[in-house]
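Let me begin by presenting the structure, written as structure tokens, before commenting on it.
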């Protein structure tokens, strides 16, 4: 299999024998699933304030507490999981060079959630030192991970945008003129926006390689690409120490249970891990330009004929000069008649 560097080099020298912009037709579907987890370090403190919230919660370290409102060290793991089917929309530019046997893809820009949203599961597990809350009074024994409710979440936006040229083999299909089987690796960025009431909007970006494999057919007026598109990601690493905005939260009491303490979380992400899978079966179509379609509406009819008649005479470079000889004349009328749309 050619290396990414070889594919990139090939894509810069290909002279396409056929190609153009292909738009996803809406046929087929894309399955998007993933689990993202982030470890955050910081503190929680009661939402008490002498002036603005004198009846709020105070937090105090240890079993017996002490006095005042004090920050409590906390470590939290935040996990977002989602899995669902979508009908993406958007273009890709496909070119096939028969002589070299190479297919190139550029300009892939898909809206993965044009009309849908994906439900997401948002969970958090916290580890903290023993502390007490005042108003309500409760003891929070430390040293044991505690699940914190964060409510519902939704993936509201997702895009896949090509980040570098992609190229791969294009093999002719036996017995089908102009048809090819293509295999192309497309470097891309997957951008995902997850929204929740508790944490607001959480933008995420993942570099992926979209493996596109399928069959390309040339029709009378429309070319078709039937393809699968797959990608998998499994990565982890450190994050830049950028603190999140303060997060207000109602923390369920532990001893005794049944109440909620108002606290403020100040957290900084430290590490992250992500698994992501994309699996799609899609169809894209390219509308061929018709000789004589002056206005580009996909048909050759009276509107195009009137445009040619209005431009009769010298007209180098104008769209009405269909044969490119610098003059709009009888040849253009004959071309329009020959390609007249029924």
*Have a look at 255, 23, 192 and tell me which one the Gaussian network model of the chain (Cα, springs below 10 Å) gives the largest fluctuation.*
255
*For region 68-121 and region 163-195, what is the separation of their Cα centres, given in Å?*
17 Å
*What residue among 116, 27, 50 shows peak mean-square fluctuation when the chain is described by a Gaussian network model with Cα springs under 10 Å?*
50
_Value at 222 nm in deg cm²/dmol, rounded to 500, when DSSP H runs of n ≥ 4 in the chain each add -39,500 (n - 2.57)_ = -2000 deg cm²/dmol
*Pair-distance profile P(r), taking every C-alpha pair of region 82-212, with 5 angstrom steps and integer %*: 2, 9, 12, 13, 12, 10, 9, 8, 6, 5, 4, 3, 2, 2, 1, 1, 0
_Looking at the calculated P(r) for the chain, what percent of the C-alpha pair distances fall above 28 Å?_
60 percent
_Of 330, 263, 278, the one that fluctuates the most in a GNM where the chain has Cα springs shorter than 10 Å_ = 330
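Could you line up 218, 72, 212 from fewest to most neighbouring Cβ atoms inside 10 Å? Mind dumping the intermediate values first?
Numbers: 218 16, 72 22, 212 25.
Listed from fewest to most nearby Cβ atoms, that is 218, 72, 212.
None of the figures in this text is laboratory data; all of them are computed from the coordinates on show. Because the structure is predicted, anything quoted here is derived from the model rather than measured. No Cβ is skipped: glycine too gets one built from the backbone with ideal geometry, and neighbour counts run over all protein chains shown.
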